[in-house]
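Accompanying notes for the structure given below.
The values are calculated or read from the model by the stated rules, or taken from the named source; none is laboratory data. What you are looking at is a predicted structure, and each value in this text was computed from that prediction instead of being measured. Heads up, the Cβs are rebuilt from the backbone with ideal geometry, glycines too, and the neighbour counts pull from every protein chain shown.
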Amino acid sequence: MSRSAIVIGGGLAGMLAAAALSQSVDEVTVLERDTLPDGPQSRRGLPQGRHAHILLPSGREAIERLIPGVSIRKRLLAAGGSEVSLTSSMVTLGPEGWFRRWRHDSHLLTTCSRDLLDWTVREAVLGIAGVTLHSGNVVALQGSGQHVTGVRITAPDGQEADLSADLVVDASGRGSRAPHWLAALGITDIPESIVDSGLVYASRLYRIPEGAEKFPTTQVTADPFASEPGRSALLLPIEDGRWLVSLGGTRGGEPPANAVDFVRFALGLRHPIVGQLISGAEPLSDVVINRSTRNSRRYFEKATTWPEGFVALGDAIATYNPVYGQGMTVAALGARALHHELCQTGIAAPGFARRVQRAAAKPVEAAWTMSTSQDRWFPDVQGNPPTIADRLLARYTRRMTRVATSSYRVSNAMCAVTTMQEDAIRLVRPSLLLATLAGPVLPALSGPPLTQSERAILHTLDRTR
């Protein structure tokens with residue numbers, strides 16, 4: 001019997017969901033309301049696309065498995081993307097000090113523009129037999145609270161039409177109307193939660209100066225425990241010889257939207273290294289601002305009843321503070337959960353949609369906990385204040401982070417969790433617990449861990465001396 005599926009949204013989450021479905025379903029229709037560019041270019045429905053994005057190793061591995069016969073990793077590298085070792089290649093000032101750069105290349109992050117990543121995935125997925133892209137804006141779900149049977153759309157010409165499918169996947173992003181659509185079918189008990197630090201993101205492109213092509217990815221993170229607004233900066237090499245620089249500031253410490261103050265803000269962070277680097281680099285764009293940065297979650301998996309034939313994935317479930325770089329990876333892991341359940345039972349099995357929704361909630365929970373456990377500490381945050389349990393956890397993780405600045409074993413374990421390759425339970429194993437209680441094994445670094453040649457580059461570019 002022929003099976004069909006509809007995916008709402010042609011972004012990264014939607015394309016990965018389509019890839020997962022294509023291996024078990026005869027026909028997959030991706031519905032997108034915006035016109036998608038024919039190349040690695042920005043698009044209207046992704047305003048955060050012009051800011052820094054990092055694909056975590058768990059997300060990269062999930063994407064590689066979801067799209068058979070195509071290596072997205074190789075395509076990105078061929079197009080100018082990079083792989084950065086979190087433990088050896090990055091220069092990072094964390095809340096507890098500078099992290100050392102170890103000799104072990106582990107936890108490889110994929111770095112490129114979001115436009116390139118989206119285009120590369122979209123081109124590969126639309127090349128799969130049975131996957132098609134159509135224009136249309138979904139306005140309602142068809143069916144009942146027991147079984148969704150399709151969607152109603154408004155076509156570009158204004159005409160409405162009903163489309164039937166065995167499964168509807170909502171991957172329409174942070175603006176998803178899923179709670180409204182489900183309420184129309186009688187499902188209204190979906191809890192929601194928000195933790196909003198008021199973060200504002202400001203980004204600008206620079207040409208990488210001659211001789212600085214190999215300068216490492218550099219970041220100055222915010223300190224959530226400093227009792228002041230959290231300010232941060234990330235300098236990320238991307239394709240076409242460019243640096244993408246993203247500055248962040250929580251409520252009361254927002255970065256500026258003008259070019260002159262952009263550099264000044266970076267120079268005023270806990271360390272001025274990012275400001276020093278860009279003070280001698282050629283700007284290639286204006287400053288762009290993003291204010292859609294709050295942590296927001298819909299607990300679809302907790303609804304009393306859930307209809308057959310409907311699943312929500314990606315940002316339609318939850319969005320996170322972008323500083324932590326989790327969104328794309330969670331979308332990939334959600335699509336992998338969909339694929340796993342398809343392989344186990346098939347699209348028509350009773351309870352299929354609910355099992356997928358609960359499985360997709362697991363990576364969401366991991367990312368949500370990491371993001372909100374930090375953001376709750378910033379001044380004037382909107383959301384539930386830290387509990388006693390949060391305070392005890394914060395004391396432990398702060399101490400572990402301090403130890404991680406001088407211990408590869410502890411740093412490697414923390415990286416495995418923050419990159420979503422392992423569960424957080426690893427951080428309370430006896431060996432790590434003892435290492436954390438024992439304290440740092442090396443003295444704190446007094447400055448960024450740069451090589452002699454990297455110091456020379458920084459000295460050459462610094463126009464503030």
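So here's what we get for this one:
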| item | result |
| --- | --- |
| Strands (runs of 3 or more DSSP E) contained entirely in region 150-210, each with at least 1 residues that are among the small types (Gly, Ala, Ser) and under 20 Å from residue 320 (Cβ atoms) | 192-195, 200-207 |
| Pair list, Cβ under 9 Å, 6 or more apart: region 211-236 residue part of a loop (DSSP other than H, G, I, E, B), other residue of a type in the set (Lys, Arg) and buried (at least 22 other Cβ atoms within 10 Å of the Cβ) | 222/231; 223/231 |
| Selected residue (criterion: farthest from residue 12 (Cα to Cα)) from residues of region 118-143 that are touching a residue at least 24 places away in the same chain (Cβ under 8 Å) and touching a Gly at 6+ places or on another chain (Cβ under 8 Å) | 143 |
| Those residues of region 43-53 which are in contact with a Lys or Arg (Cβ under 6 Å, 6 or more places away or on another chain) and at pLDDT 85 or above, in sequence order | 53 |
| Selection from region 363-391 of residues that are in contact (Cβ under 8 Å) with a residue 24 or more places away in the chain, in contact with a Ser or Thr (Cβ under 7 Å, 6 or more places away or on another chain) and of a type in the set (Asp, Glu) | 375 |
| Total residues in region 92-131, condition among the polar types (S, T, N, Q) and farther than 16 Å from residue 75 by Cα | 2 |
| Positions within region 351-385 being over 21 Å from residue 425 (Cα atoms) and among the hydrophobic types (A, V, I, L, M, F, W, C), in sequence order | 352, 353, 356, 377, 378, 381 |
| Residue match in region 47-62 (condition: surrounded by fewer than 18 Cβ atoms within 10 Å (Cβ to Cβ), over 30 Å from residue 441 (Cα atoms) and free of Cβ contacts under 8 Å to residues at least 60 places away in the same chain) | yes |
| Residues of region 102-130 that turn out to be charged (D, E, K, R) and buried (at least 19 other Cβ atoms within 10 Å of the Cβ), as a count | 4 |
| Candidate set from region 67-89 (those that are under 18 Å from the mean Cα position of the chain (by Cα) and crowded, with 18+ Cβ neighbours inside 10 Å); member that is nearest to residue 123 (Cα to Cα) | 72 |
| Condition broken by residue 60, with the remaining ones in (1) of a type outside the set (Gly, Ala, Ser); (2) more than 17 Å from the chain's Cα centre (by Cα); (3) within 30 Å of residue 232 (Cα to Cα); (4) at pLDDT 95 or above satisfied | (2) |
| Looking only at region 393-452, and only at residues there that are of a type in the set (A, V, I, L, M) and outside any helix (DSSP H, G or I), the one that is surrounded by the fewest Cβ atoms within 10 Å (Cβ to Cβ) | 442 |
| Single residue of region 177-211 satisfying the filter (of a type in the set (Gly, Ala, Ser) and in contact with a Lys or Arg (Cβ under 9 Å, 6 or more places away or on another chain)) that is surrounded by the fewest Cβ atoms within 10 Å (Cβ to Cβ) | 193 |
| Single residue of region 367-391 satisfying the filter (crowded, with 20+ Cβ neighbours inside 10 Å and under 18 Å from residue 421 (Cβ atoms)) that is nearest to the chain's Cα centre (by Cα) | 367 |
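One line per residue, one yes/no per condition, for (1) touching an Asp or Glu at 6+ places or on another chain (Cβ under 7 Å); (2) under 30 Å from residue 270 (Cα atoms); (3) not assigned by TED's automatic domain parsing to the domain that holds residue 255:
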position	(1), (2), (3)
150	yes, no, yes
166	no, no, yes
186	no, no, yes
220	no, yes, no
